[in-house]
Amino acid sequence: GLPRDEEAYNEWKKVIPEERILLGNKKDNFWEMGDTGPCGPCTEIHYDTRPEANNNAHALVNNDDTGMVMEIWNNVFIQFNRKKDGSLEELPAKHVDTGMGLERLVRVIQQKTSNYDTDIFTGTIAAIEKIISPPSPQRGGLAYAELEPNSKPAVAYRVIADHIRAIAFTIADGQLPSNTGAGYVIRRILRRAVRYYFSYLHYKQPLLHQLLPAIAKQFENVFPELNKQLDFVSKVVKE
């Protein structure tokens, strides 16, 4: 029952053609953390990464199974408090809760069709290729770029590159793998990465800890904690 967000609409009109401003609904353009609590309307930025992009992507916004027309940024106007009875009350202090996808933004800037083709991940994927060569009879001699994108080996490359980054940063931040709580999340992510290279890249030795030097080097200027603790994190991951 809320009126249209004229303020956001008018701000967008200052910088983009009006036909590119799409009006959403509660499902797409109203953010709530739960049944109660702070909430508000949101404005999203979507980008068409299709090679044939020609301003006809309106129908694909929030409705694209290919992932080529994707949301890269969301700004939520925390304006209301949702009460237990479902009603909304204005908040005395309002703010913008902004969330941007780093990998997606890099993909747009570098004009790639996949997050894993950006330089956030290509260094790790190259490190994996180097470690698992020479090729095995099961895996063949194909490099990542020569694999079918949806094949099990290609997916394994992406899973490993994604998971080892999360594992490394979190351990460097002080969270060890364990059987409970946050530690169990790390343990499960680590175990999934191991299963993927063991099953689909046919590499039967510890692999993940060998990738840490490349990751520590790549992120040494933005996350120096990993480089400083490289030996310790490598030991934990290997164990």
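Results, tabulated for the structure shown:
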item: Longest segment of the chain lacking trypsin sites (Lys or Arg not before Pro) that sit in a DSSP loop with at most 14 other Cβ atoms within 10 Å; result: 85-203
item: Subset of Lys27/Lys94; Lys14/Lys83; Lys26/Lys83; Lys94/Lys217 violating a 29 Å alpha-carbon distance limit; result: Lys14/Lys83; Lys94/Lys217
item: Shape of the stretch 59-179, Cα gyration tensor, a/c cut at 1.5; result: prolate
item: Mean ellipticity per residue at 222 nm, deg cm²/dmol - from DSSP H runs of n ≥ 4 across the chain, formula -39500 (n - 2.57); result: -12000 deg cm²/dmol
item: Crossing angle, helix 208-218 versus the chain [Cα axis fit, 0-90 degrees, rounded to tens]; result: 60
item: Charge context of Glu44, other residues only, Cβ under 11 angstrom, K/R +1, D/E -1; result: -2
item: Cα convex hull volume per residue for the stretch 134-216 (Å³); result: 98
item: Size of charge dipole - the stretch 154-209 - debye, nearest 20, with Cβ of Lys, Arg +1 and Asp, Glu -1, no other charges; result: 220
item: Student exercise, the chain dipole from Lys, Arg, Asp, Glu Cβ charges, in Debye to nearest 20; result: 1220
item: Rounded accessible area per residue of the stretch 171-218, 1.4 Å, Å²; result: 56
item: Choice from Ser114, Ser151, Ser87 showing the highest fluctuation, given a GNM over the chain with Cα pairs closer than 10 Å; result: Ser87
item: D_trans [Stokes-Einstein, Kirkwood Rh over alpha-carbon pairs] for the stretch 1-127, 37 °C, 0.692 mPa s, µm² s⁻¹; result: 197
item: Enclosed volume per residue, in Å³, of the convex hull spanned by Cα atoms of the chain; result: 178
item: Binned Cα-Cα distances of the stretch 53-102, short to long, each 10 Å bin given as a whole percent; result: 21, 30, 26, 21, 2
item: Degrees, to the nearest 10: 181-200 long Cα axis against longest axis of the chain; result: 60
item: Between the stretch 108-131 and the stretch 172-237, the Cα center-to-center distance that results, in Å; result: 18
item: Dipole magnitude of the stretch 61-177, debye to nearest 20 (Cβ charges: Lys/Arg +1, Asp/Glu -1, about Cα centre); result: 220
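The values are calculated or read from the model by the stated rules, or taken from the named source; none is laboratory data. Note that the coordinates shown come from a computational prediction; the quantities given were computed from them, not determined experimentally. Cβ sites come from the backbone with ideal geometry, for glycine too, and all protein chains shown count toward neighbours. Note: areas computed on protein heavy atoms with side chains; ligands, DNA, RNA excluded. Shrake-Rupley method; radii C 1.70, N 1.55, O 1.52, S 1.80 Å.
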